[in-house]
């Protein structure tokens, strides 16, 4: 369950995905090829902290996907696909003009009498962003060999870094969890790792496995052994889905089959069946906690698969099916496979009394359930929720430390410590607003329902009923700390 953060829309944007282009830029080297990949700035709303290829949305002035591809690769790497030879110093100056929006890309080409080499861009597939993400793109990918007389470089801004890398080394980074990849980029790197020539590479790139007829990836594996399978659930806005996770490279566990919709659960079962030829074998269903958008599909999944359920005792007593294994703090879930995995079990109450978090010993990736959300923040709803305990557990995750955070709702968070710090700061800020609102009523005090509009004046009013539950958690914490007096639903300053 989540509430909106200041400055974040309370509902996902509507409308169709925006057209975009991306370029798999490569060069030939002794023994094979290298690709030029980019590390996106961690604070970016879309794919922040991920590794990707040059690309972005199609502008109105582009006129085509290929022109957008050429413009994006020029802006992000400095490589310009034109028939004419241009000195590197001149390329840099033109790039700066375009980036500073002093001139539009097509206008720059016309002014400089440059002719775009459209034939250099070979079609390499189409991918549409899954609907669980708050921002959608309909991206055409192109394969392009970098001109030998030009130098690719990244000027920091939206991009943190960029470099030439062999596909084999990129895959090692992905496997180690130090370079997260969205499905089209992982597929591209795998294809380029088997590069023979441009035509065969373009064919392979255009025929991705686990891609629906709607060009949406069914297999989302940002790092090896951590697969995300978003399920539509009746969760709170701004989220629309709950992320079910399949962990492991041989033995697997399925975490939080949250959808009560039979068709969604059946879709998950079909996905698990597709994994079997790779030797991936589910051994258990694991629950982070008992809320309906996390265990809504557990009963049907058990019936379809016969898998046992593992959970904390305070989840087991509210689970609709028997729990075969009670998980407690300090346990380790070991998963055998080509890449053996050990997941530490952490009992992290605060949002729910039986809440569990799972942390990979090797990569420090964390499956956090509702401790953190990729969009909005988490509702703490007493008596189940307890704000002081929740903050304690956030600090615990930060102190471990964790690296990539895999939340139940919204995008994955590559910079876990930064997100945990943001959450701690947000909670402190919200607590200060609640305290300030209470104090504004003076010695007479106020009802909680009167405090909420003042403490949550930064969010839409339809969020206030949910915010009131968070406010209860905050005032209980403040009362325990002797900062206010709480009597039923009335609060006064001390």
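Could you go through region 446-456 and let me know if any residue there is at pLDDT 90 or above, touching a helix residue (DSSP H, G or I) at 6+ places or on another chain (Cβ under 7 Å), crowded, with 16+ Cβ neighbours inside 10 Å and part of a strand (DSSP E or B). No, region 446-456 contains no residue that is at pLDDT 90 or above, touching a helix residue (DSSP H, G or I) at 6+ places or on another chain (Cβ under 7 Å), crowded, with 16+ Cβ neighbours inside 10 Å and part of a strand (DSSP E or B).
Only one entry in 306, 296 is assigned by TED's automatic domain parsing to the domain that holds residue 380 and either surrounded by fewer than 18 Cβ atoms within 10 Å (Cβ to Cβ) or within 14 Å of residue 357 (Cα to Cα) (or both), namely 306.
Going through region 50-78 one residue at a time, which ones are crowded, with 22+ Cβ neighbours inside 10 Å, touching a strand residue (DSSP E or B) at 6+ places or on another chain (Cβ under 8 Å) and more than 19 Å from residue 128 (Cα to Cα)? Once the filter is applied, which keeps residues that are crowded, with 22+ Cβ neighbours inside 10 Å, touching a strand residue (DSSP E or B) at 6+ places or on another chain (Cβ under 8 Å) and more than 19 Å from residue 128 (Cα to Cα), region 50-78 yields 70, 73, 76, 77. Restricting attention to region 377-396, and to residues there that are free of Cβ contacts under 8 Å to residues at least 60 places away in the same chain and part of a loop (DSSP other than H, G, I, E, B), which single residue is surrounded by the most Cβ atoms within 10 Å (Cβ to Cβ)? Restricting to residues being free of Cβ contacts under 8 Å to residues at least 60 places away in the same chain and part of a loop (DSSP other than H, G, I, E, B), the top hit is 384. If you check 100, 92 for being over 31 Å from the mean Cα position of the chain (by Cα) and assigned by TED's automatic domain parsing to the domain that holds residue 146, only one passes: 92. The condition of being under 24 Å from residue 361 (Cα atoms) and either assigned to a loop (DSSP other than H, G, I, E, B) or assigned by TED's automatic domain parsing to the domain that holds residue 128 (or both) holds for only one of 178, 235, that being 178.
Residues in region 181-211 that are in a helix (DSSP H, G or I) and closer than 14 Å to residue 142 by Cα: how many? Counting residues in region 181-211 that are in a helix (DSSP H, G or I) and closer than 14 Å to residue 142 by Cα gives 15.
Taking the criterion of being assigned to a loop (DSSP other than H, G, I, E, B) and either on the phi > 0 side of the Ramachandran plot or surrounded by fewer than 14 Cβ atoms within 10 Å (Cβ to Cβ) (or both), the residues of region 328-338 that qualify are 328, 329, 330, 336, 337, 338. For region 129-142, the tally of residues that are part of a loop (DSSP other than H, G, I, E, B) and farther than 19 Å from residue 44 by Cβ stands at 1. Of the set (1) surrounded by fewer than 19 Cβ atoms within 10 Å (Cβ to Cβ); (2) over 24 Å from the mean Cα position of the chain (by Cα), all apply to residue 275 but (2). Candidates 374, 337, 354: the one that is within 19 Å of residue 246 (Cβ to Cβ) and more than 24 Å from the chain's Cα centre (by Cα) is 337.
Just one of (1) under 22 Å from the mean Cα position of the chain (by Cα); (2) assigned to a helix (DSSP H, G or I) fails for residue 221. It is (2).
When residue 371 is tested against (1) surrounded by fewer than 16 Cβ atoms within 10 Å (Cβ to Cβ); (2) under 25 Å from residue 466 (Cα atoms), just one condition goes unmet, and that condition is (1).
Against the condition surrounded by fewer than 20 Cβ atoms within 10 Å (Cβ to Cβ), under 18 Å from residue 65 (Cβ atoms) and in contact with a helix residue (DSSP H, G or I) (Cβ under 9 Å, 6 or more places away or on another chain), how does residue 118 come out, does it pass?
Working: surrounded by fewer than 20 Cβ atoms within 10 Å (Cβ to Cβ): yes; under 18 Å from residue 65 (Cβ atoms): yes; in contact with a helix residue (DSSP H, G or I) (Cβ under 9 Å, 6 or more places away or on another chain): yes.
Yes; evaluated as a whole, the condition is true for this residue.
When you go through 401, 407 one by one, which is the residue that is within 17 Å of residue 421 (Cβ to Cβ) and surrounded by 22 or more Cβ atoms within 10 Å (Cβ to Cβ)? Steps first, please.
Values: 401 fails: surrounded by 22 or more Cβ atoms within 10 Å (Cβ to Cβ).
Unique residue meeting the criteria: 407.
The number of residues in region 143-175 that are farther than 25 Å from residue 119 by Cα, touching a helix residue (DSSP H, G or I) at 6+ places or on another chain (Cβ under 9 Å) and part of a loop (DSSP other than H, G, I, E, B) comes to 3.
When residue 442 is tested against (1) on the phi > 0 side of the Ramachandran plot; (2) touching a strand residue (DSSP E or B) at 6+ places or on another chain (Cβ under 6 Å), exactly one condition is not met: (2). Checking each residue in region 397-409 for being in a loop (DSSP other than H, G, I, E, B) and either touching a strand residue (DSSP E or B) at 6+ places or on another chain (Cβ under 8 Å) or closer than 16 Å to residue 355 by Cα (or both) picks out 400, 402, 403, 404, 408, 409. One residue stands out in region 33-45 among those that are part of a loop (DSSP other than H, G, I, E, B) and in contact with a strand residue (DSSP E or B) (Cβ under 8 Å, 6 or more places away or on another chain): the one that is farthest from residue 119 (Cα to Cα), namely 42. For residue 472, the conditions (1) in contact with a helix residue (DSSP H, G or I) (Cβ under 9 Å, 6 or more places away or on another chain); (2) not in a helix (DSSP H, G or I) are fulfilled apart from (2). Pairing each residue of region 462-476 that is not assigned by TED's automatic domain parsing to the domain that holds residue 434 with any residue that is at pLDDT below 90, provided the two are 6+ apart or on different chains, yields no C-beta distance under 7 Å.
The values are calculated or read from the model by the stated rules, or taken from the named source; none is laboratory data. Since we're looking at a predicted model, the values are computed, not measured. Glycine also receives a Cβ, built like all others from the backbone with ideal geometry; neighbour counts cover every protein chain displayed.
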